[in-house]
Amino acid sequence: MDDLAGFLRTRRSRVDPVAVGIPTDSRRRVEGLRREEVAHLSGVSVDYYVRLEQGRATQPSEQVLDALARVFGLDVTERGHLYRLARQRRRRAKAPGGRVRPELLRVLALVADAPALIMDHRLDALAGNRMAGLLFGRPMPGLNIARHIFLEEAESGLYADWETCTLDVVGHLRLAAGQYPEDPRLASLIGELAMGSERFRRLWARADVRARTHGRKAFRHPLVGLLELHQENFALPNESGMELLVFSAAPGSPAEDGLRLLAGLGADSADAEGAGEGEGDAEGERPTMDARVRE
């Protein structure tokens, strides 16, 4: 799904020769740096670097990786991705099974006033609270965020910042592919997205990686309008690949009013369904939890 050679080629093409002290003229036809220029700047032989880009050199040293990261100007996320790709042949990480512990579901249920969900490395929603179901307009089990953005909602759908969302999704999946190169379900998802979305194919070819841990997330909800929320990602300890995502609204903001309205609409709908089915439980209705436990 991902490989060191391809990542090196794409990073090389991004570097401005002038920025690293290499003069250029109108006759230059190479986008970014030439292979021999990368070799010179990183202190390795041209033959060795060519073999790296052709996938014929294995287990580059820490010093070589550090030098390449410096030449390419990689950020922290890209550096980590580079090192994982270089170590793939030494150790293959087993893809997590995706089992959600009951204790995590209880924690998720405590988040009452904001949409929250648990997501794995494939961007599958494994569990979600009531507000998450109302925000996305569907139960969480069966929802894949990448498929939802690229194949179901597209530009005119739920995501107000659709183009930014696509960059985040592809960057996340690139990281996941580097960490779990032998995950067949992840490979199948990437193939499905590539077949169904031209934008996904273009972004995937760039080999960019992203690790979004927090930031603005805007939704265009069909019932309550624009919701400008803050997304916070919490990596779950000892739950490899899983994250807890919480979408919160700033106090006193229109988005806070929108979430309150959304919660009220959901409660009205639940009351109507309960009235149609009968008197219901004597203790009153309790919030429901969408969850999926997979082997």
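FYI, it's all coordinate maths here, none of it is from the lab. Everything quoted here is computed from the prediction, not taken from an experiment. Neighbour counts are summed over all protein chains in view; Cβ atoms, including those assigned to glycine, are modelled from backbone coordinates with ideal geometry.
Taking amide hydrogens as placed 1.01 Å from N in the peptide plane, the amide H of Ala127 sits under 5 Å from those of Ile118, Arg292, each at least 5 positions away in sequence or on another chain. Of the GluC sites (Glu not before Pro) in the stretch 27-91, the ones in a loop by DSSP (not H, G, I, E or B) with at most 12 other beta carbons within 10 Å are Glu31. Within the stretch 156-200, the proportion of Cα pairs with more than 16 Å between them is 43 percent. With a Cα-only, solvent-free Debye model of the stretch 47-206, what are the log10 I(q)/I(0) values at q = 0.16 Å⁻¹? The computed values of log10 I(q)/I(0) come out as -1.04. Enclosing the Cα atoms of the stretch 1-128 in their convex hull gives a volume equal to 162 cubic angstrom per residue. In the stretch 129-220, taking the dipole from charged Cβ atoms about the Cα centre, the farthest positive-side position among Gln179, Thr213, Met140 is held by Thr213. Here the contact order of the stretch 136-250, divided by its residue count and restricted to Cα pairs under 8 Å and six or more residues apart, works out to 22 percent.
For the stretch 186-239, the alpha-carbon coordinates run over 36, 33, 19 Å along the three principal axes, in decreasing order.
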